[in-house]
Amino acid sequence: MTTPGEQLGDFDIRFTTRHWKDDQAKTEVLRLADLPAVTAERPVDVEERDPASGDRLGTWQRFNLSHYHLDAEQYDLPRNAIAF
């Protein structure tokens, strides 16, 4: 079994939020080391398409979709989802 780091590599995801009453933007960064344990995982089949035309090719690729529950208070993301 591989670890998330072996599959994802090193990354930074920046979340920038602005409130309409405040011109100041707040930025939080999520890195590989910040990921909590996987809360759910399931296979997902995705149909391949021709990159030029968008036509269906009739072939599929299987991906494992991992769900991570981020602390809403830490990242101020109560209603957002990120999938790897």
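Read the figures in this text as sums done on the coordinates, not as results from a lab. Please read these numbers as outputs of a predicted model, since none were measured by experiment. Counting neighbours? That spans all protein chains shown, and the Cβs are built from the backbone with ideal geometry, glycine included.
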For region 15-20, take each phi angle, set θ = phi - 60°, evaluate the Karplus expression 6.51 cos²θ - 1.76 cosθ + 1.60, and give the result in whole Hz per residue in order, putting x for glycine and proline. 9, 10, 10, 9, 9, 4
List, in order, the whole-Hz ³J(HN,Hα) value for each residue of region 42-47 obtained from phi through the Karplus relation with A = 6.51, B = -1.76, C = 1.60 and θ = phi - 60°; use x for Gly and Pro. 8, x, 10, 8, 10, 6
Hz values of 3J(HN,Hα) by residue in region 67-74 - Karplus curve (6.51, -1.76, 1.60), Gly and Pro given as x: 10, 10, 9, 8, 5, 4, 6, 6
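Between E73 and D50, how high is the FRET efficiency from 1/(1 + (r/R0)^6) when r is the Cβ-Cβ distance and R₀ = 35 Å? Nearest 0.05. Please list the in-between numbers first.
Values: r = 44 Å, r/R0 = 1.26.
Between E73 and D50 the formula returns 0.20.
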